[in-house]
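The values are calculated or read from the model by the stated rules, or taken from the named source; none is laboratory data. The structure presented is a predicted model; accordingly, all values stated were derived computationally and were not measured. FYI the Cβ positions are ideal-geometry reconstructions off the backbone, even for glycines, and counts take in every protein chain you see.
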Amino acid sequence: MYWVLEFEVSVGDRLKWTKYLAQLSRRNGQEFEVYAIENGQILIRYGGGKTESLSGSELAHLDYALVSTTYGAQGKSAERVIGALDRQVGRESFYVTVSRVKHDLRLYASEALARLIERTEKSRARENPSDFLRPSSAEKSNIQGILDRPRKKEHRRVNPVQQEL
């Protein structure tokens with residue numbers, strides 16, 4: 001689902017595409033800088049030096065490139081990195097967080113340093129979110145009861161506009 005938001009763009013702003021558009025060679029998360037605004041056109045420059053001129057509908061699917069997730073930061077570097085580390089941090093995500101920085105790294109953790117170090121020494125590469133979802137015995141019996149019920153077919157009319165959302 002997409003919605004239209006207006007926001008100001010100035011020379012020097014870092015922006016990113018929020019949708020993959022193959023026909024325009026734009027990747028979701030691809031960053032660029034606004035280097036000029038002239039005659040209603042926004043002139044942008046990608047990291048490799050390629051430039052484009054944008055206006056009107058070409059300005060859809062973009063946002064400020066102020067922050068990134070660890071996943072989104074893979075393969076990129078930054079002048080400054082602020083890492084917010086929680087109980088889900090593991091060796092791989094910690095490495096990506098600390099290895100992207102050029103000059104200034106700040107880490108904030110939700111627990112004591114000793115516990116954080118312990119967590120970052122363990123790999124979480126093969127974990128699956130379902131490994132952490134262990135239903136209680138009451139939930140198991142309720143799930144089994146649902147699975148054992150005879151199923152009846154349901155028919156609903158759906159507005160085509162609602163399907164797109």
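Brief remarks on what is shown
- Residue within region 16-36 that is within 27 Å of residue 98 (Cα to Cα), among the small types (Gly, Ala, Ser) and at pLDDT 85 or above present: no
- In region 32-75, the residue that is surrounded by the most Cβ atoms within 10 Å (Cβ to Cβ) out of those that are touching a Gly at 6+ places or on another chain (Cβ under 9 Å) and closer than 13 Å to residue 14 by Cβ is 32.
- Within region 1-20, being farther than 13 Å from residue 65 by Cα and either free of Cβ contacts under 8 Å to residues at least 24 places away in the same chain or in contact with a His (Cβ under 7 Å, 6 or more places away or on another chain) (or both) holds for 3, 4, 5, 6, 8, 19, 20.
- Put simply, of 81, 101, 89, 96 the only residue that is surrounded by 10 or more Cβ atoms within 10 Å (Cβ to Cβ) and over 18 Å from the mean Cα position of the chain (by Cα) is 101.
- Scanning region 26-62 for residues that are among the polar types (S, T, N, Q) and farther than 22 Å from residue 77 by Cβ turns up 39, 41, 53, 55, 57.
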